Amino acid sequence: MNSMIPNRIHIIGSVGSGKTTLARGLSARHGIPYYELDNVVWERANPDDIRRSEADRDALLLDIVKTERWIIEGAHLECVSPSFQQADLIVFLNPPYSTRTYRIITRFIKQRLGLEQAHYKPVWIMLLNMFKWSASFQREGRHRIQHTLRSYPDKVLIVKNHKQLMQQLELWSPPTGGNNPVAEIKLENGT
């Protein structure tokens, strides 16, 4: 893989898009720390997590963004402006709805069987919420993200699967002041 992997990567997408899997993989492969936005927005507590105040959330995110190398992943569009501004690369994972649905179900089963850890209790209401979030993303969330990403045309990569993303990262090089167009990678079948 290209040794010029970006130092600051923001990964955004819907539930089930593969954000955490990608962040963990890139982190392990390149030694870049990764952070889940859910852990910035929520303070982990038992029995229920506590939503941080906007001020605390924003301060925690700024502490991360000020560091030299990071991978931030999450679906929270409302608070990511600082990380978008400082990112070398913004990856928008936008796999098909059917892929996200499959991943949501698979993850839920693995969590219920204790084969995969979760920051939440894998109960039926959580599964239903994930389906709702994915459907909401399909209707409106992805359009909001695409609209927001127009402000960062030199550093956005929109992808629909991980294989193609990894191929694109091999070719990635930092912007040299020119205007790099937004790269959109299509699936092999053209969708």
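Residues whose amide H lies under 5 Å from that of Tyr34, counting only those 5 or more places away or on a different chain, are Ile71; hydrogens are built 1.01 Å from N in the peptide plane. Does anything in the stretch 116-156 have its amide N under 19 Å from the 7 Å Cα→Cβ label point of Ala45, and if so which residues? Counting backbone N atoms under 19 Å from the label point, the list is 119-121. Hull volume per residue, based on the alpha-carbon atoms of the stretch 39-158 and their convex hull, is 127 Å³. Subtracting the Cα-Cα distance of Arg69 and Arg150 from 0.36 nm times their residue separation leaves 26.8 nm of extension gain.
Taking packing as the residue-averaged number of other Cβ atoms within 10 angstrom, the listed peptides 121-132, 72-83, 100-111 run from highest to lowest as 72-83, 100-111, 121-132.
Computed on the Cα atoms alone, the convex hull of the stretch 11-105 gives a volume of 114 cubic angstrom per residue. Excluding Asp88 itself, what net charge comes from residues whose Cβ is under 9 Å from its Cβ, given Lys and Arg +1 and Asp and Glu -1? Net of charged neighbours comes to +2.
Since every read-out is calculated from the coordinates, none of them should be taken as a lab result. Note that this is a predicted model, so its numbers are computed, not measured. A quick note on method: Cβ atoms are made from the backbone with ideal geometry, for glycine too, and the neighbour counts reach across all protein chains shown.
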